[in-house]
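The values are calculated or read from the model by the stated rules, or taken from the named source; none is laboratory data. Keep in mind the model is a prediction, meaning the values are calculated, not measured. Every residue, glycine as well, gets a Cβ built from its backbone with ideal geometry; the counts of neighbours run over all protein chains shown.
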Amino acid sequence: MELQQHLAEILGILLENKHEIYLCLPAMAFRSKKALFAALTDHIWRRIQGWHEKTLSQASKAVLIQAVVQAIPSYAMSCYRLPGSLLKELHSLAADFFWHDGDRRKIHWLAWDKMCMSKSIGGLGFRNLEAFNLALLGKQLWRILSKPHSLVGRVLKVKYFPRTHLFDAQLGSRPSYTWRSMYAALDLVQSGCRWRIATDSELILQIPLSLTGELDLIVWRYTRNGMFSVCSAYHLALALSSSAGPSGKRWPKHVWRAIWQSHILNKAKLFTWRAIRNILPTTRNLKRRLPSEFLCCPFYNCEDETPIHALLHCSFAQ
């Protein structure tokens with residue numbers, strides 16, 4: 001403390017006990033990850049609680065989730081790999097907000113990982129934050145690959161891979177949180193990269209010596225221009241993830257495309273999506289969630305209420 005006071009007097013600055021927070025990250029890093037990301041979770045929670053759930057439709061909630069829960073952590077995820085417990089907490093927060101319906105019991109009608117799948121295969125297009133986190137960190141690795149003489153590239157090379165290529169780097173002993181985060185995305189970047197040979201030959205043993213002396217380049221195979229993009233890396237991370245199984249694949253893509261491209265209200269699109277996915281609160285579906293209650297169609301008591309019955313066959317609907 002005396003040293004800090006002495007330096008403050010020399011530099012003519014004031015000591016601050018509480019450091020500022022920039023984009024939900026503190027100016028000084030903490031050893032505890034919980035303390036490091038406390039401001040992030042608190043900020044998202046306050047933004048979500050600022051809206052009245054009872055007055056929002058599910059379509060409006062979906063927009064709010066994309067604009068708040070999935071957008072606010074972007075800067076933090078581009079710097080660090082967020083702990084799995086924190087990502088689960090954010091997913092749970094978003095799912096609870098989406099499915100909460102007033103004072104009634106919360107029933108999550110569809111698993112969150114399935115809702116994170118693309119709309120073209122039956123999901124809602126929400127971001128899988130774990131895959132998105134790796135894609136953003138992969139962008140940092142791509143910058144080191146494309147600009148090895150940058151300051152961050154030189155610092156990391158000297159410390160972690162002084163005699164090897166980035167793809168051959170090891171985690172090392174007592175690595176920084178920044179390097180451990182970037183290292184977690186190394187397999188993802190390697191999966192999407194390939195070498196572009198200067199002479200465009202596939203077999204390096206058969207190519208003649210280049211007359212132009214051009215260097216071989218690393219290109220990203222999932223974009224047309226060969227440059228890394230977070231979007232393509234995100235979809236690659238989903239494809240490599242074991243939890244990214246196809247959702248709603250029994251319905252062809254043109255069915256889902258017709259729903260989301262139709263010129264109707266967003267809440268009508270979402271209702272149609274729920275009907276096709278069979279996740280409406282019909283009596284048959286409620287029986288699976290609430291087996292202790294005997295439920296049937298309130299207008300046609302001799303038949304279970306299914307989406308087909310409720311929308312087409314029920315006398316009340318007709």
State all residues of the stretch 166-182 that are more than 21 Å from V230 (Cα to Cα) and either buried (at least 17 other Cβ atoms within 10 Å of the Cβ) or under 29 Å from the mean Cα position of the chain (by Cα) (or both); if no residue qualifies, say none.
-> D168, A169, Q170, L171, G172, R174, P175, S176, Y177
Quick one: A131 ticks every box in (1) at pLDDT below 90; (2) under 19 Å from A237 (Cβ atoms) except a single one, so which number is it?
-> (1)
When the stretch 34-57 is examined, which residues are found to be within 18 Å of M115 (Cβ to Cβ) and over 20 Å from the mean Cα position of the chain (by Cα)?
-> E53, L56, S57
Scanning the stretch 41-85 for residues that are in contact (Cβ under 8 Å) with a residue 40 or more places away in the chain and outside any helix (DSSP H, G or I), which turns out nearest to F271 (Cα to Cα)?
-> S57
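Applying the selection to the stretch 162-178, what residues are within 27 Å of A239 (Cβ to Cβ) and either assigned to a loop (DSSP other than H, G, I, E, B) or modelled with pLDDT of 95 or more (or both)?
Scanning the stretch 162-178 gives H165, A169, Q170, L171.
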Residues satisfying the stated conditions in the stretch 86-141, i.e. small (G, A, S), farther than 30 Å from M227 by Cα and either under 17 Å from the mean Cα position of the chain (by Cα) or part of a helix (DSSP H, G or I) (or both) | S92, A94, A95, A111
Inspect the stretch 12-24 for any residue being within 23 Å of N128 (Cβ to Cβ) and modelled with pLDDT under 80 and give the result as yes or no.
-> yes
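Restricting to the stretch 128-161, and then to whatever is of a type in the set (K, R) and under 18 Å from R81 (Cα atoms), can you tell me which residue is surrounded by the fewest Cβ atoms within 10 Å (Cβ to Cβ)?
R143
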Out of the stretch 60-81, which residues are more than 20 Å from K33 (Cα to Cα) and crowded, with 16+ Cβ neighbours inside 10 Å?
-> K61, A62, L64, I65, V68
